[in-house]
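Remarks on the structure that follows.
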Amino acid sequence: MSEDIMKLSSLQLDALKEVGNVGAGNAATALSQIINRKIDMTVPQVAILPLGDVPDVVGGPEIMVAGVYLRVFGPAPSSILFLLPRESAFTLVDMLMGRERGMTDHLDSMDESALLEIGNILAGAYLNALSFFTKFTLLPSIPALAMDMAGAILSVILSQLGQMGDHALVIETEFSTEGDGGVKGHFFLIPDPGSLGTILAAIGVKE
Amino acid sequence: MAELIKVGMADYKVGREPASLISYGLGSCVGIALFDPVNKIGGLAHIMLPDSTQARSTENPAKFADTCLPLMLDDLVRMGALRSRLQAKIAGGAQMFTFVNATDIMRVGERNSETVRAVLKKLDLRLIAEDCGGNYGRTVELKLDSGVFRIKTIDKGEKEL
C-alpha cells in the first residue's frame, strides 16, 4: 500500500506513541533488572523528520556513539537501533562486567559481546510489546555493533528509508539510570517503508 | 577564520575560496568533492543512494548519485568553474554493520561508491583520489583555497587527499 507519513492523524501518532511507550517500558525494565538499577524513561517521541535531521535527535552527526542494530523480520519489517553515547556505553560495560566505574576505555571482544547481548534482550523486550499490539510474530535478527559517529551509524537505516521518501518516522525513547546520570541512551524503532501501514492496520487505527 | 559551509545528508553546496565545505559523519553515504584548481571554486555533495531510477521518491535529487552530480556540475559552471579542469575526489561508502548474510540493503555503501565512479565517468569528470569502503564513519572537508580533501575518522586517523 502507499502511505504518506506526512498525513498521519493525531490518533495514529498517539497509537504509535503508546506502542513505543509499552515497548520501551519493557526494554527499560529488562535493562534495570540486568544492571540492578532504577531506570528513568521519557515519554516516547513520535517524530516525522527530514532524513538529514535524524542525527540531531542524539546530539548531531559527529557525536561518538555505540550502536546496536537489529533487523526485525515478520509481517512488518523494521529496524531497531539502540544508541548510547560512547561514555555511556563504557559505563554500561563497567556495570555488566562488574568493573569499577571508569575502568572501561575501549571495548574488547567480551565487552562487545556484552553490549550485543544487551541489544538482543532490549530488542526482544520491545518486540514483545509490538507483537502483543499487532498480533504479529516479529523476530529480531542477530544484533550487530558499531562504535562510530552517529551520522554514520544512522545512515544505514536512513538510506533504506530514502528509497521511498525524504522523511523518517522515528519512535524514540530516551532513558537514563537514576541519579548519577550513569547510562543514557536512545532506543529507535524505524519501520521500513510499507511496514507502517501494516502496523497501523493491525493496531486498529488504519484511518 | 574562513567560512565553513555545512553540507547535510542528501544535500550539496558550492563555494569559492577561502571557504571550506564540510560534511559530518558519513557512513554508507559518499561525499563527492569537485574542485577547479585555477578559479578555486568547488562543490561538495553528500549522497545517500546510488540510483534514482530504482527509488520511488525522487523529490530531492541531491539524495542520489546520478541526479545530484549533474546539478552540482551546473552550479559550478555557472559560478565560473571550467568543466574540463574539475578534479573529483570521493570518500565514504562504508559498511557500518557486518552481518553474516549481508543483503543488498546492507551493501548500500559499496553500491554508492560504484555508482559514483560510473556517474563521474559518464560526465567525463576526472576522479583523482578516493578513500572508500571499510566499516567506519568519515567526516570530510574540502578546502577551497587549496583543493585539499581532508578526511577525519574516529580511530582510523586523518588523511588528506
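The values are calculated or read from the model by the stated rules, or taken from the named source; none is laboratory data. Owing to the predicted nature of the structure, the values given are computational and were not obtained by experimental measurement. Glycine also receives a Cβ, built like all others from the backbone with ideal geometry; neighbour counts cover every protein chain displayed. SASA here: full protein model, heavy atoms, side chains in, ligands and nucleic acids out. Shrake-Rupley method; radii C 1.70, N 1.55, O 1.52, S 1.80 Å.
Overview of results
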item: When residues of the range A:45-96 are limited to those that are more than 28 Å from A:Asp14 (Cα to Cα) and of a type in the set (S, T, N, Q), the one nearest to the other protein chains (Cβ to nearest Cβ); result: A:Ser88
item: Verdict on A:Arg86 being free of Cβ contacts under 8 Å to residues at least 12 places away in the same chain and of a type in the set (Lys, Arg); result: no
item: Count - residues of the range B:71-82 that are open to solvent by less than 50 Å² (accessible area, probe 1.4 Å) and of a type in the set (A, V, I, L, M, F, W, C); result: 4
item: Residue within the range B:67-87 that is of a type in the set (A, V, I, L, M), within 27 Å of A:Asp56 (Cβ to Cβ) and within 10 Å of chain A (Cβ to nearest Cβ) present; result: no
item: Evaluation of B:Pro61 against (1) out of contact with any helix residue (DSSP H, G or I) (no Cβ under 7 Å at 6 or more places or on another chain); (2) at pLDDT below 95 (one fails), failing number; result: (1)
item: Within the range B:47-70, tally of residues that are under 16 Å from A:Gln160 (Cβ atoms), open to solvent by 40 Å² or more (accessible area, probe 1.4 Å) and touching a residue at least 24 places away in the same chain (Cβ under 8 Å); result: 2
item: Residue among B:Gly27, B:Gly15 that alone is farther than 13 Å from B:Lys63 by Cβ and out of contact with any strand residue (DSSP E or B) (no Cβ under 7 Å at 6 or more places or on another chain); result: B:Gly27
item: Those residues of the range B:5-46 which are within 14 Å of chain A (Cβ to nearest Cβ), open to solvent by 10 Å² or more (accessible area, probe 1.4 Å) and touching a residue at least 40 places away in the same chain (Cβ under 8 Å), in sequence order; result: B:Ala10, B:Asp11, B:Tyr12, B:Tyr24
item: Residue satisfying condition, being open to solvent by 20 Å² or more (accessible area, probe 1.4 Å) and out of contact with any Gly (no Cβ under 6 Å at 6 or more places or on another chain), within set B:Leu161, B:Leu86; result: B:Leu161
